[in-house]
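Notes for the one structure printed next.
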Amino acid sequence: MRLSELSARSGVSTATIKYYLREGLLAPGRQLNATTADYDETHLRRLRLVRALIQVGRVPVASAREVLKHVDDESLGRTIRLGAALWALPQAPDPDEEDPATAAAAAEVDRLLRTLGWEAAREIGALSPVHRSLVALVATQIRLGYPCDAETMAPYAELMRQAAARDLDRMETYESDTEMVESAVSSAVLFEPVLRALHRLAQEEESARRYGLE
């Protein structure tokens, strides 16, 4: 398809597509002549992912480029490739190592992972920005006087494990590793807000069942 058709099918202006091409967020099309290139379905799929990252996820262009670099890195195994792409997404601030609550939070997170048998998560540990974010969030809870120990988190963690299994089941419906990692990244940006909204709706529903609608 020509650039104009790619624009029409994606809903992205030609000027924006050209910007993405210049920034390396979108691979060049197959050059037909000095002024015309041909694009295919992979460009359309990638363009939708780029728009999800930048428009919905508010991911800076430089960070989006880093995410996509890992998505396309065929030298990595599937787990490392997926992890690297997700780690490149913007994360919550790292925990304050000077805060006494941080040590208590790190101990509770480690106890949680041991209780669950999540050995890979324990082995990766603080190398993971997601792990560090969890420690920082738990430290905030502790500092504010809210209980957030391993026992409190464990049932929620099990629900998230089931959600992760669903994610990977959906991911494995795609043919190539690149498509799989793309789907995981788009899910992190687009579907996690859906899960958050469902959680809040579920709270409203459960409250109404227990206490009525008054």
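The values are calculated or read from the model by the stated rules, or taken from the named source; none is laboratory data. Predicted model only: the values in this text are computed from it and were never measured. So basically every Cβ, Gly included, is an ideal-geometry build from the backbone, and we count neighbours across all protein chains shown. In case anyone asks, the SASA skips ligands and DNA or RNA and just uses the protein heavy atoms, side chains included. Shrake-Rupley method; radii C 1.70, N 1.55, O 1.52, S 1.80 Å.
Computed from Cα atoms, the angle from the helix 150-171 axis to the main principal axis of the chain rounds to 20 degrees.
Note on the range 95-144: Cα-only Rg and Dmax are 10.3, 30 Å. The angle between the Cα long axis of helix 129-143 and the longest principal axis of the Cα atoms of the chain comes to about 40 degrees, rounded to the nearest 10.
Can you give the percent of C-alpha pairs in the range 1-54 whose distance is more than 14 Å?
46
Computed over the range 10-63, relative contact order equals 27 percent, with contacts defined as Cα pairs under 8 Å that lie 6+ residues apart. For the pair the range 137-161 and the range 40-62, the centres of their Cα atoms are 33 angstrom apart. Highest mobility in the GNM of the chain, judged by mean-square fluctuation with C-alpha springs under 10 Å and restricted to S133, S187, S13, is found for S13. Using Cα atoms only, what is the angle between the long axis of helix 100-116 and the major principal axis of the chain, expressed in degrees (0 to 90) to the nearest 10? Once rounded, one gets 80 degrees. Across the range 68-115, the fraction of Cα-Cα pairs farther apart than 16 Å, rounded to a whole number, is 59%. Helical content of the chain, expressed as a calculated mean residue ellipticity at 222 nm, amounts to -20500 deg cm²/dmol (DSSP H runs of 4 or more residues, -39,500 (n - 2.57) each, divided by residue number, nearest 500). Cα centroids of the range 178-202 and the range 74-117: 19 Å apart. Pairwise alpha-carbon distances in the range 119-189 exceed 20 Å for 47% of all pairs.
Per residue, the average separation of C-alpha pairs within less than 8 Å and at least 6 apart gives the chain a relative contact order of 17 percent.
Largest first and in whole Å, the equivalent-ellipsoid semi-axes of the chain read 38, 21, 16, each the square root of five times a Cα gyration tensor eigenvalue.
Label positions at E172 and L76, each projected 7 Å from the Cα along the C-beta direction, are separated by 2.1 nm.
Relative contact order for the range 26-129: 15 percent, from Cα pairs under 8 Å spaced at least 6 residues apart, divided by residue count. The portion of the accessible surface of the range 120-214 made up by carbon and sulfur, rounded to a whole percent, is 57 (1.4 Å probe; DNA, RNA and ligands excluded).
Taking the Cα centre of the range 1-137 as origin, sum charge times position over the Cβ atoms of Lys and Arg (+1) and Asp and Glu (-1), and report the length of that vector in debye to the nearest 20.
Rounded to the nearest 20 debye, it is 800 debye.
Modelled label positions at T152 and T16, each set 7 Å beyond Cα in the direction of Cβ, lie 4.1 nm from each other. Once backbone amide H atoms are built at 1.01 Å from N, A37 has L3, L32 as its partners under 5 Å, excluding neighbours fewer than 5 places away on the same chain.
Dividing the Cα radius of gyration by the Kirkwood radius, what Rg/Rh value follows for the range 10-116? Reported Rg/Rh, Kirkwood definition of Rh: 1.16.
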